[in-house]
Structure formats: structure tokens, C-alpha cells
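The values are calculated or read from the model by the stated rules, or taken from the named source; none is laboratory data. These figures come from a predicted structure and were not determined experimentally. Because the Cβ atoms are built from the backbone with ideal geometry, glycine has one as well, and the counts that use them run over all protein chains shown.
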Amino acid sequence: MIGFKHVLGAAALAAGLWASSASAETLRVLAWEGYADPDWVKDFTKETGIDVDVVFIGSDDEIWAKIKGSEGKDFDVMAVNTAQLQRYIDASLVKPWDLSKIPNQKDVLPRFRDLSAIKGMTRDGKVYGIPFCFDSIGLIYDTDKVKPAPTSMTVLWDPQYQGKVLAYDNGEHNFSFTALTEGIENPFHLTDEQFAKIKDKLVDLKRNTLSFYTTADEAMQIYHNNDVALIWANYGQQQLKALQKVGAHVAYVAPEEGSLSWLDNWAMTSGVKDQAAAEKWVNFLLDKKIGAQLSERTGFGNTVTASSNASDGDKLVWLESVEDPLKRSDLWNEIKAAP
Amino acid sequence: MSSRVADAGVEAPAAHPSPSRLVPWFAALAAYAVPIWFVLAPMALFLGYSFFSVDKGNIVFTPTVANYVRFFTDPVFLPIFWRTCLLCLAVAVLCVLFAFPVAYFLTTLRGRRRYVLLVLLLVPLLMSYVIKIYAVRSILGGNGMLNRALLATGLIDKPSMLFVFNLNAVLLTLTVLLIPFAVLPIFLSLERIPKALRHASADLGASNAQTFWRVTVPLSLPGTLSAMSFVFVLAIGDFLTPQMVGGQSGFTFGRIIYSQFGTAFNWPFGAALSVILAAVVIIAIRLGGRVESSRGRIQ
């Protein structure tokens, strides 16, 4: 008898859970760690009465697998970067936003106000992404060793710093940033001629570097045990702060030719159940307090309040998908194999 | 129920030999299934993939030898390949040179002390290999422990860059990491040499050095060579050490293969390069084992 009661109770509980997860008032969010912190979710639910289910992802491919796998039906909103957003638009897996429902977007930093000015954010006049979080790839330099302060990535080629340069082990980015130093308009789509020229430049860069790193921790360890003057800072402000924390005399420069930068956006899936809830979620997050907390907690830039990630005058070049990743990777191997 | 009992009663004596005949079959199946499923099948897959190609991030399943042609004709790959083979050979020779005296010393110890020391020598194998590379890196750096010590003693007046982020650093790190793998086979082969042979040599008037060079060393050769091939194989498959300590000049074949599976997303070409590496490894193991088997026949 007691057993039966238990079963009944469990069934009722299960039915209750089923009902709550199936209710229209639950927003299903797919985001990176740090983009939907529990305290924000709690405040959002308190303010709007909408429950939020957050699933965190670890890679771009994972987002694609989850969204493509369910044809957009398993989630309402997701965070993806500008370069990635394109394939979702191509596959009609995202829906355009109605900006009039997201009033806070009008008060964001000037750089993010005109969405048509950010490449990849709009298509056919419709807005598919709302910028939320970004960072730039700048230059970290040792203030004791590099004087005067550099203004451009071209300093990495300076023979004065031979064997004191830490570069990043990634062909795609290295071709792009070198193209920027050469004044090439679109560093993500190089012609064969430009490829040949940049390749030669990168062989020169290689000869000036001490080593290529892959993780921020690795760069830190190399910095500690070697005479390093310049670091190509793939991890931006996070990397700078980590170095400063352990007492390194370093500073950060956004190069004048432009810094490669990534930008994560909120996008609405084509399978969105409650469009109004999704709009409220994004509008809620574009708040000064949350923006400041985001930057403080993650070290990334937010789009609402000024952060150390970029000042208004810095030129940011939003990352795009490159013309041929395989070609860049093969050329990068050739560069590394060059004597 | 009852019929089944009856059946069992009737059949049991007759059926008795069949399970015992089946047992070796099952044992053989289990013994073959594991290597076939976990070793041969993946390697066959690699071989299969090496004949495919890639177009715009998608694998094209039409057989082609383009990957192999590319390896032999592209000026990038062969020089790196030979350089890597040479590097690993140097690592193997160095490891054996360091390991032999250690193994020899071990055989001179008696009883428990010998095995305690052997276990101590193998302790580094319990530690993660990445941590060891990090440790080596902080020793070798421009301001690393080694350079600071040398500066402090006044042996050098500015940091030496001889072992900092180059091929020498890769050589040194791999040697340090792989010495334990060389000690063991050499120790085992030295231990197997009957004491009587050495005593006989001494009785016939040979000096200690003569006994060592003309009895001990030749008899330990199979172990030494298998230690060399063992170390060579482990070194040539490594891709992390060159990445971590090789700097801009320590690019090796393992790094190229690694990049085909990571950033390049060219699995077929990576598979072809792996097949070539596997061929080298098989040759190295055969060479290491050959002396042993031919010696076995003489004895």
C-alpha cells in the first residue's frame, strides 16, 4: 500500500515536472558559460515570470550540432559569434529580431548602435544578431623592455626584439592580422598574390619569434622563464590581467591598423516558441548593471558600458569566416617548416 | 521443467567434451577479437581513409593516391620527415648511452636494493607527461633554472640560448622523458647473461674491461637494440614535446599530422601521413627485434 502511494506520488511529481518543462513560459537558452549567470536568470524570472532553462556549450561545433540537429526546435535563443551566424542564416535556422521590442539596444555603446554597420549582423535589411559580448586581439608588451609604446603589430617584425616575440600558433589568424598590417582591405579573403606576400612576411615573423603558444597559461609560463618583450595576445584582456596579477610590467595596445575581434550575439532560432519571451530576455541582458557584471566576471567587453577591452577610438575588425581554412593551414605548415 | 532435467541428465555425459572443445575456441576468439577490433580495425580504417580526399571541408570517398603523391612530391614534407627520423634516432642513441650504465649498475646490486632502485627509476612514468614537459621547460628557459644557475656560478656571462625553444630542446626533453623506457629492456638483457660466462672469461685470463666489451656488451645487444627501437618509436609518434619546447624551429612530422586533424580538417591526408609513420615504426620494431631472433637461433 505504501509502495503504491510512493509510485503515485512519483508519477504525480513526474507529471508536474513534465507540465512545467512543457509550459510556454519557459525560455530555452543555449549560451556560453558566463552569458546567463544564475543571479541574472533569477532576476529575469522575478521580473517577467518567465522560467529559463540554460544549456551551456563548449564549442561552435556543438552549437551547430544542437541547433541543426533539432532544426532549431530545441532552443529559443542562442549565443553565436558573427562569423558563425552566417551559416545559420544560410540554413534558415534563425529568425530576424524586431528591434522595436528590444528598446535597450538603442542605448548601447556607439560602436554597436548601428547594426547595419557591423558586417554579418544583418541580411536583406533584417537584423539577425544582437551584439552582447566581445574581445579584441591586441598586443601585450613589456613596458620595461619596449620603449616607446608600440602602436602597430608591425613591431613584431622589429629585429631589435628578435627571439623575444611570442606569437600564436594559428595560421588563420596570423594571415588575417598580417594582412591588416599590409593595409589589405579584407584580410579574410586574400587573393593568391596577397597569399604569397603574406606568407613571406610570416616566414620573417617566424624568424623573429621565440615560440608559438596555444593557451594563455602556456604563454604565461614562457613569459616567466624567458626574456619576452612582445606577445600577440589571442586571449586579449584576460591574458593581460592574468599577467598583471602576477606582477608582470605589461600593457596592452590596440594596433592602429585594427585589431581582429570576435563578437558574440544573441540570435533567435527559427523554432522559437515564444518570441516575446526571447525579446524580453535579450532586452533584459542589455542592461548597464549586467553589462558591467559581465565584463567584471569574464574579462570580456560588453556592449552597454565602457570596458577596458576597447575604447571608442579603437578600430575593431570583426572576425569573418576565411576564404579557405585548409589553404591557410597548409601554408602555415609550410611557414613553420621553412628553414 | 522435468523434461529439461531429464534431457540434461541424458545429454550431460555426451555433451561434456563439447564445452571443453569450445573453451579454447572462445579463448582464441577473445584473444583475437580484442587486437582485431581495437588495433587492426582502426589501422585498416586509417589505411582506407588515406586513399580519400577532402573538398571544402567534406571528405570525398573516391579512391585516389593523391595524398601519397603529395607527400613524395611536395618540398615541405620529405625534409621534415627525414629531419624527424634523424632527431628520433639521436634520441634513441642518447637514451641508450644514458640507460646502459644505469642498467649495468642495477645488475651489480644484490637482492632487494636492486628492485627498489629499479622501481625508483620507473617512478617518473607515474607522472603525467605534460607536467614533465612543463617542468623541463622551466628548467631550460632563457631565464630558466639552468641558465640562472650557470650565470650565478659565473660559467657564462649571458643566458645561453643553446637549449631554448629549438631542436636541441626537443632532443633533450625527449631523451629525459624516454630514458626509463630504455633502462628496462637493457636491464632485462643484462640480467639474463649467465654469471658463469663472465667467470669463464675471467678464468681464461681476460681483464674486466675485456670481459665487459667482449662478453657482456655483445650478449646485451638484443636488449640494447630493442631499447633503441622502443625509444625511437615513442619519440617519432610524439607531437606535444616539439610543440611545447620546439619554438619556431622545432617543427616535426608529428606536428604536421596533428595539424591535419585539427585546424586543417584534412583527415585523409593526415591518415596517409600516419600510414607512412606506421610503416617507419614497423620497420624500426623489426630492426630492433631481428638481432634478438637471429641471436636466439645461434644460441
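Remarks
- Hey, A:ALA292 out of contact with any Pro (no Cβ under 9 Å at 6 or more places or on another chain), assigned to a helix (DSSP H, G or I) and either under 25 Å from A:LEU139 (Cα atoms) or away from chain B (no Cβ under 14 Å) (or both) or not: yes
- Positions within region A:164-191 being among the acidic types (Asp, Glu) and within 20 Å of the chain's Cα centre (by Cα), in sequence order: A:ASP169, A:GLU172
- Restricting region B:90-102 to residues that are in contact (Cβ under 8 Å) with a residue 60 or more places away in the chain and farther than 14 Å from B:ASP238 by Cβ, the residue that is surrounded by the fewest Cβ atoms within 10 Å (Cβ to Cβ) is B:VAL93.
- Qualifying residue in region A:319-330 (condition: of a type in the set (Gly, Ala, Ser) and more than 30 Å from B:THR252 (Cα to Cα)): no
- So B:TYR134, is it out of contact with any Asp or Glu (no Cβ under 6 Å at 6 or more places or on another chain), hydroxyl-bearing (Ser, Thr, Tyr), within 14 Å of chain A (Cβ to nearest Cβ) and assigned to a helix (DSSP H, G or I): yes
- Of all residues in region B:106-159 being at negative phi and among the small types (Gly, Ala, Ser), the one that is nearest to the chain's Cα centre (by Cα): B:SER128
- Single unsatisfied condition, A:ILE130 versus (1) at pLDDT below 95; (2) surrounded by 24 or more Cβ atoms within 10 Å (Cβ to Cβ); (3) touching a strand residue (DSSP E or B) at 6+ places or on another chain (Cβ under 6 Å): (1)
- Selection within region B:104-127: residues that are touching a residue at least 12 places away in the same chain (Cβ under 8 Å) and of a type outside the set (A, V, I, L, M, F, W, C). The member of this set that is farthest from B:VAL231 (Cα to Cα) is B:THR107.
- In region B:128-162, residue farthest from B:ILE186 (Cα to Cα) [restricted to those that are without any contact (Cβ under 8 Å) to a residue 12 or more places away in the chain and of a type in the set (Lys, Arg)]: B:LYS158
- Subset of region A:295-339 (residues that are in a loop (DSSP other than H, G, I, E, B) and within 14 Å of chain B (Cβ to nearest Cβ)): A:SER321, A:VAL322, A:GLU323, A:ASP324, A:ALA338, A:PRO339
- Residues located in region A:261-278, provided they are buried (at least 22 other Cβ atoms within 10 Å of the Cβ) and either in a strand (DSSP E or B) or acidic (Asp, Glu) (or both): A:SER261, A:LEU263, A:ASP264, A:ASN265, A:TRP266, A:ALA267, A:MET268, A:THR269
- If you check B:LEU171, B:LEU118 for being away from every other protein chain (no Cβ under 14 Å), closer than 26 Å to A:THR215 by Cα and buried (at least 16 other Cβ atoms within 10 Å of the Cβ), only one passes: B:LEU171.
- Qualifying residue in region A:158-173 (condition: more than 14 Å from every other protein chain (Cβ to nearest Cβ), under 22 Å from A:SER321 (Cα atoms) and surrounded by fewer than 20 Cβ atoms within 10 Å (Cβ to Cβ)): no
- Residue satisfying all of: in region B:241-277; aromatic (Phe, Trp, Tyr) and in a helix (DSSP H, G or I); surrounded by the fewest Cβ atoms within 10 Å (Cβ to Cβ) among these: B:PHE261
- Complete set of residues in region B:147-160 that are within 11 Å of chain A (Cβ to nearest Cβ) and surrounded by fewer than 18 Cβ atoms within 10 Å (Cβ to Cβ): B:ARG148, B:LYS158
- Selection from region A:43-94 of residues that are at pLDDT 90 or above, within 15 Å of the chain's Cα centre (by Cα) and among the hydroxyl-bearing types (Ser, Thr, Tyr): A:THR82
- Some residue of region B:249-267 being modelled with pLDDT of 90 or more, hydroxyl-bearing (Ser, Thr, Tyr) and within 15 Å of B:TRP82 (Cβ to Cβ): yes
- Of the residues screened, A:ARG123 is not one that is of a type in the set (D, E, K, R), more than 26 Å from A:ASP330 (Cβ to Cβ) and either within 14 Å of chain B (Cβ to nearest Cβ) or without any contact (Cβ under 8 Å) to a residue 24 or more places away in the chain (or both).
- Residues in region B:187-209 that are over 21 Å from B:PRO101 (Cβ atoms) and among the hydroxyl-bearing types (Ser, Thr, Tyr): 0 in all.
- Some residue of region A:132-142 being closer than 18 Å to A:SER270 by Cβ and either of a type outside the set (Gly, Ala, Ser) or in a strand (DSSP E or B) (or both): no
- In region A:192-248, residue surrounded by the fewest Cβ atoms within 10 Å (Cβ to Cβ) [restricted to those that are within 13 Å of chain B (Cβ to nearest Cβ) and among the basic types (Lys, Arg)]: A:ARG207
- Only one entry of B:VAL54, B:VAL69, B:VAL91 meets the criterion of being in a helix (DSSP H, G or I), closer than 30 Å to A:PRO339 by Cα and touching a helix residue (DSSP H, G or I) at 6+ places or on another chain (Cβ under 7 Å), and that entry is B:VAL91.
- Yes/no for A:ILE231 being free of Cβ contacts under 8 Å to residues at least 24 places away in the same chain and among the hydrophobic types (A, V, I, L, M, F, W, C): no
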